[in-house]
Amino acid sequence: MIQNNRYYWSHFKMQNVTVSVKPKQKTQGVVFRVINMIDIGNGRQTVVLESVDYPEPSAAKSSNDGFTVPFRMGELDFVYASRQNPSLCDYRHLISCVYPDAKIEEIVPEVLAPGDLLVFKQNKADGSIKMAGAMRVVCPKSSFVKRAGYAL
């Protein structure tokens, strides 16, 4: 039965069937922007990172208790050059707030370049930290120039 243009679960009930609907849990992580990359030879690269945070100071954040960011992962060494402590938050929401009109593409870490984003998250079961993704921000030239404060 449809009421107010909506289906209600009570109308779909069947004997011996239980239906449970829960909202998707937010994916918590720490987001860093690649500032610079240094090739030190022997197939290793040093990546200089800064943390990305919400533009408005009143945005909901959670503390990063027990979250330590790695200093090495695969063929990459990380150097953190942020003045602020990274905050653990819903990284998909954070990226959509910081880059509202940009297109975000998933990339592999082997093709990192300055301006890309790295996301780290912690496994709750064993406490291990892993890279959740590497992303490239693709935005129109006019919005990048305006956001960065450059004049043409």
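So, in the range 67-83, exactly how many residues are of a type in the set (Val, Ile, Thr) and surrounded by fewer than 16 Cβ atoms within 10 Å (Cβ to Cβ)?
Of the residues in the range 67-83, 2 are of a type in the set (Val, Ile, Thr) and surrounded by fewer than 16 Cβ atoms within 10 Å (Cβ to Cβ).
Which residue pairs have Cβ atoms closer than 6 Å, lie 6 or more positions apart in sequence or on different chains, and pair a first residue in the range 78-89 that is more than 12 Å from residue 68 (Cβ to Cβ) with a second residue that is assigned to a loop (DSSP other than H, G, I, E, B)?
Once the first residue is more than 12 Å from residue 68 (Cβ to Cβ) and sits in the range 78-89, its partners that are assigned to a loop (DSSP other than H, G, I, E, B) give 87/61; 89/61.
Name the residues in the range 83-130 that are in a loop (DSSP other than H, G, I, E, B) and over 14 Å from residue 50 (Cα atoms), would you?
Within the range 83-130, 99, 100, 101, 102, 108, 112, 123, 124, 125, 126, 127, 128 qualify.
Here is a list of conditions, (1) modelled with pLDDT under 80; (2) of a type outside the set (Gly, Ala, Ser); (3) closer than 17 Å to residue 133 by Cβ, and residue 65 meets all of them except one; can you say which number that is?
Tallying (1) modelled with pLDDT under 80; (2) of a type outside the set (Gly, Ala, Ser); (3) closer than 17 Å to residue 133 by Cβ, residue 65 fails exactly one: (3).
Consider the range 107-127. How many of its residues are without any contact (Cβ under 8 Å) to a residue 40 or more places away in the chain and surrounded by 10 or more Cβ atoms within 10 Å (Cβ to Cβ)?
3
State whether one or more residues within the range 4-27 are modelled with pLDDT of 80 or more and β-branched (Val, Ile, Thr).
Checked against the condition, which is being modelled with pLDDT of 80 or more and β-branched (Val, Ile, Thr), the range 4-27 yields no hits at all.
How about the range 128-143: which of its residues are surrounded by 11 or more Cβ atoms within 10 Å (Cβ to Cβ) and either touching a Leu at 6+ places or on another chain (Cβ under 8 Å) or under 30 Å from residue 43 (Cα atoms) (or both)?
129, 130, 131, 132, 133, 134, 135, 136, 137, 138
The values are calculated or read from the model by the stated rules, or taken from the named source; none is laboratory data. This structure is a prediction, so every number in the text was calculated from the model and none was measured. As a convention, Cβ positions derive from the backbone with ideal geometry for all residues, glycine included, and neighbour counts pool all protein chains shown.
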